[in-house]
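Peer 1: Handing you this structure, nothing more for now.
The values are calculated or read from the model by the stated rules, or taken from the named source; none is laboratory data. Remember, predicted model here, so these are calculated numbers, not experimental data. Glycine gets a Cβ as well: all are built from the backbone with ideal geometry, and neighbour counts include every protein chain shown. Calculation scope for accessible area: heavy atoms of the full protein, side chains included, ligands and nucleic acids excluded. Shrake-Rupley method; radii C 1.70, N 1.55, O 1.52, S 1.80 Å.
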Amino acid sequence: IYPDPELEQQILALPIRCIHSEEGCRWTGQMKQLQGHFSTCAFNVIPCPNRCSVKLTRRDLPDHLQHDCPKRKVKCEFCGSEFTGEAYEVNTVHFVLFLSSYEYDGKMPGEKTHDVK
């Protein structure tokens with residue numbers, strides 16, 4: 001079999017739709033442009049950049065990174081330290097247990113108070 005460059009060019013110039021058209025992608029173009037489209041297609045499935053083992057569509061990635069990814073960076077509202085999402089849950093539970101071990105008077109442990117006269 002000998003490749004036919006003219007036939008290859010004709011095939012690559014054929015108009016096609018994205019393979020994700022049934023999911024909602026409206027892209028159409030030539031077959032030779034399809035690979036470039038995948039780098040931006042909102043319906044293309046990609047792995048999480050945080051390497052959390054989840055694969056999801058590009059359009060669902062921002063919500064996953066902000067709310068669901070167990071490896072997202074989260075700042076603790078109590079101590080100000082930065083944790084991954086999964087470690088934050090553990091840290092919050094430990095901090096609440098730490099606080100509950102003190103008699104709570106509205107102040108954080110170690111917080112200075114000033115007497116007003």
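Peer 1: Quick check on my filter: what residues within the range 51-73 are over 8 Å from the mean Cα position of the chain (by Cα) and either among the charged types (D, E, K, R) or surrounded by 15 or more Cβ atoms within 10 Å (Cβ to Cβ) (or both)?
Peer 2: Answer for the range 51-73, where residues must be over 8 Å from the mean Cα position of the chain (by Cα) and either among the charged types (D, E, K, R) or surrounded by 15 or more Cβ atoms within 10 Å (Cβ to Cβ) (or both): R51, C52, V54, K55, L56, T57, R58, R59, P70, K71, K73.
Peer 1: Same structure, new question: Hey, any hits in the range 36-45 for a residue that's open to solvent by 50 Å² or more (accessible area, probe 1.4 Å) and among the hydrophobic types (A, V, I, L, M, F, W, C)?
Peer 2: Yes: the range 36-45 contains one or more residues that are open to solvent by 50 Å² or more (accessible area, probe 1.4 Å) and among the hydrophobic types (A, V, I, L, M, F, W, C).
Peer 1: Filter the range 20-63 down to the residues that are over 30 Å from E8 (Cβ atoms) and assigned to a helix (DSSP H, G or I) and list them by number. Spell out the reasoning first.
Peer 2: Keep residues of the range 20-63 that are over 30 Å from E8 (Cβ atoms), which gives 24, 47-57, 59-63.
Passing the criteria: R59, D60, L61, P62, D63.
Peer 1: Taking C48 as the residue in question, decide whether it is touching a helix residue (DSSP H, G or I) at 6+ places or on another chain (Cβ under 9 Å), modelled with pLDDT of 95 or more and surrounded by 11 or more Cβ atoms within 10 Å (Cβ to Cβ).
Peer 2: So C48 passes the test.
Peer 1: Mind listing whichever residues of the range 51-106 are modelled with pLDDT of 90 or more and hydroxyl-bearing (S, T, Y)?
Peer 2: S53, T57
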